[in-house]
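Report on the structure given below.
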2 protein chains.
Amino acid sequence: MAEKIEVKKKVLSENDRLAADIRTSLKEREIVALNFVSSPGSGKTSLLERTLEALGSELRIAMIAGDVQTENDADRLVRAGGERVKPLVTGGSCHLDARMITGVLSDMDIEDVELLIIENVGNLVCPSGFDLGEDMKVVLISTTEGDDKPLKYPAMFRRSSVMVINKVDLLGTSDFDVETVRRNALSINPDLKIFEVSCRSGFGLDAWYAWLRELVSERTPAALVES
Amino acid sequence: MAEKIEVKKKVLSENDRLAADIRTSLKEREIVALNFVSSPGSGKTSLLERTLEALGSELRIAMIAGDVQTENDADRLVRAGGERVKPLVTGGSCHLDARMITGVLSDMDIEDVELLIIENVGNLVCPSGFDLGEDMKVVLISTTEGDDKPLKYPAMFRRSSVMVINKVDLLGTSDFDVETVRRNALSINPDLKIFEVSCRSGFGLDAWYAWLRELVSERTPAALVES
């Protein structure tokens, strides 16, 4: 086991080095980068579809859609109007890592991009350990999953800056309680910014869009000059 | 990376050896063992609660409830009447492995047990690679997760013998289509046995219980003598 831990440490420190390079490169271009993480089926792709439809003509957005197999998510994002969307099929790996992102970015034209969203593999455990050079992780949780998930998968909620509670249109069809999930998540990470949305009904999405706009405007040179 | 692959191979072959020992030991005691796998929140614990309530006085059932953190699931199973329930907190690991199961079993009285159910960590990727000495894997998928999951996480569906589609009471609240998920799953694994259930409404559970009864009766010595 000692050997396993040693190799794991080496892999992680190599990942951290590559992630730091990505972060520097994105910051130089004033690109805001978000790493979307969640269980399979929480609605990462749905939220990105809505985001593209609402902001695609206003902000220059690029997306990397990670999956173990299939390019289904990338295809959905292109259909939603995404002009700079790349699939990233891991072929078995349970998470994205910085080397994969470096590879995909080298093949993308991101020179004028303002917002880069990376959709990680659906997995509430492993992606928490791999920095991709993002500004922040956004963790999604859907109301059909159970409100104790932040306690059961604490690393992901500790390392995320934002929690999006999706599928609030389905509240009442299970025992999921929004106040409980908020309390559980904040007990792990008191600094979490929380959104409640339904990608299906549209509830709460305006606040999400407004936050993204603000995030991007804070990074652009105009805002830097003004401030 | 070669070093990483080498260590991974070693870990897996060590796991296979321990899993074979568990399998032999369970077979000698005529215990049927199932390994429950799914995304977080698909309803593994709910299905086990219903199963204990329905069959707990009829069959001698033991359960191991795996989670990254918290003993919430084990507590729920005890409240549902489970008399032989052990929590298995991985403390970070994204899957259960055979060494963990060996440790827990050494601390359990399973001499007269007929059915052992292991609830894996909620993760549709990593647990697929770790044999726990079970007779078969049972993969759950809920109707709120998306019907393309078998294509996106093929290893789990290929290595499972049974697929339980849970939350069918919520059909119609999303685009999830039962025929599509069946077709997708069977394209990965044509031998999958499929159940459609709702742990909430009770729909389809009688067929699930009947199948468990049959599985156990086929393993008991009486059935062996008869056949």
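The values are calculated or read from the model by the stated rules, or taken from the named source; none is laboratory data. Keep in mind it's a predicted model, so treat the numbers as computed, not measured. Because the Cβ atoms are built from the backbone with ideal geometry, glycine has one as well, and the counts that use them run over all protein chains shown.
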Quick check on my filter: what residues within region A:175-227 are among the β-branched types (V, I, T) and modelled with pLDDT under 95? A:T220, A:V225
Within 12 Å of another protein chain (Cβ to nearest Cβ) and more than 22 Å from A:G146 (Cα to Cα) - does that describe any residue in region B:157-174? yes
A:E53 is checked against (1) crowded, with 16+ Cβ neighbours inside 10 Å; (2) under 30 Å from B:T144 (Cα atoms) and fails just one. What number does that condition carry? (1)
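One line per residue, one yes/no per condition, for (1) crowded, with 22+ Cβ neighbours inside 10 Å; (2) out of contact with any helix residue (DSSP H, G or I) (no Cβ under 8 Å at 6 or more places or on another chain):
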site	(1), (2)
B:V68	yes, no
B:A80	no, no
B:E83	no, yes
B:L96	yes, no
Return a yes/no flag: does region A:172-191 have any residue that is touching a Gly at 6+ places or on another chain (Cβ under 6 Å) and buried (at least 21 other Cβ atoms within 10 Å of the Cβ). no
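So which of B:D131, B:D148 is over 23 Å from A:T45 (Cβ atoms) and either within 10 Å of the chain's Cα centre (by Cα) or surrounded by fewer than 24 Cβ atoms within 10 Å (Cβ to Cβ) (or both)?
None of the others qualify; the one that does is B:D131.
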Starting from region A:195-218, keep only residues that are farther than 19 Å from A:K137 by Cβ and free of Cβ contacts under 8 Å to residues at least 40 places away in the same chain, then list their pairs with residues that are β-branched (V, I, T) and loosely packed, with under 12 Cβ neighbours inside 10 Å whose Cβ atoms are within a distance under 8 Å, requiring at least 6 positions of separation or different chains. none
Inside region B:178-203, can you point out the residues that are within 14 Å of chain A (Cβ to nearest Cβ) and of a type in the set (D, E, K, R)? B:R200
B:Y153 is checked against (1) surrounded by fewer than 19 Cβ atoms within 10 Å (Cβ to Cβ); (2) facing chain A (nearest Cβ under 10 Å); (3) of a type in the set (F, W, Y) and fails just one. What number does that condition carry? (1)
Residue by residue through region A:124-151, note down the ones that are under 20 Å from A:L171 (Cβ atoms) and free of Cβ contacts under 8 Å to residues at least 40 places away in the same chain. A:T143, A:T144, A:G146, A:D147, A:D148, A:P150, A:L151
Please work out if B:V68 is free of Cβ contacts under 8 Å to residues at least 12 places away in the same chain and either within 14 Å of chain A (Cβ to nearest Cβ) or over 16 Å from B:I101 (Cα atoms) (or both). no
Scan region A:109-120 and tell me whether some residue there is under 15 Å from B:C126 (Cβ atoms) and modelled with pLDDT of 95 or more. yes
Residues being at the interface with chain B (Cβ under 9 Å from one of its Cβ atoms) and within 12 Å of A:V78 (Cα to Cα) - total across region A:36-61: 1
Mind checking whether some residue in region B:99-113 is outside any loop (DSSP other than H, G, I, E, B), touching a residue at least 60 places away in the same chain (Cβ under 8 Å) and of a type in the set (G, A, S)? no
Candidate set from region A:113-125 (those that are farther than 13 Å from A:N35 by Cβ and surrounded by fewer than 23 Cβ atoms within 10 Å (Cβ to Cβ)); member that is nearest to the other protein chains (Cβ to nearest Cβ): A:V113
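Restricting region A:134-145 to residues that are away from chain B (no Cβ under 11 Å) and over 15 Å from A:L88 (Cβ atoms), which is surrounded by the most Cβ atoms within 10 Å (Cβ to Cβ)?
Per the criteria, the residue is A:V139.
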Where residues in region A:3-20 are surrounded by 13 or more Cβ atoms within 10 Å (Cβ to Cβ) and over 15 Å from B:V11 (Cβ atoms), which of them is modelled with the lowest pLDDT? A:L12
Do the conditions hold for B:L205, that is, is it surrounded by fewer than 24 Cβ atoms within 10 Å (Cβ to Cβ), within 25 Å of A:K167 (Cβ to Cβ) and out of contact with any Asp or Glu (no Cβ under 8 Å at 6 or more places or on another chain)? yes
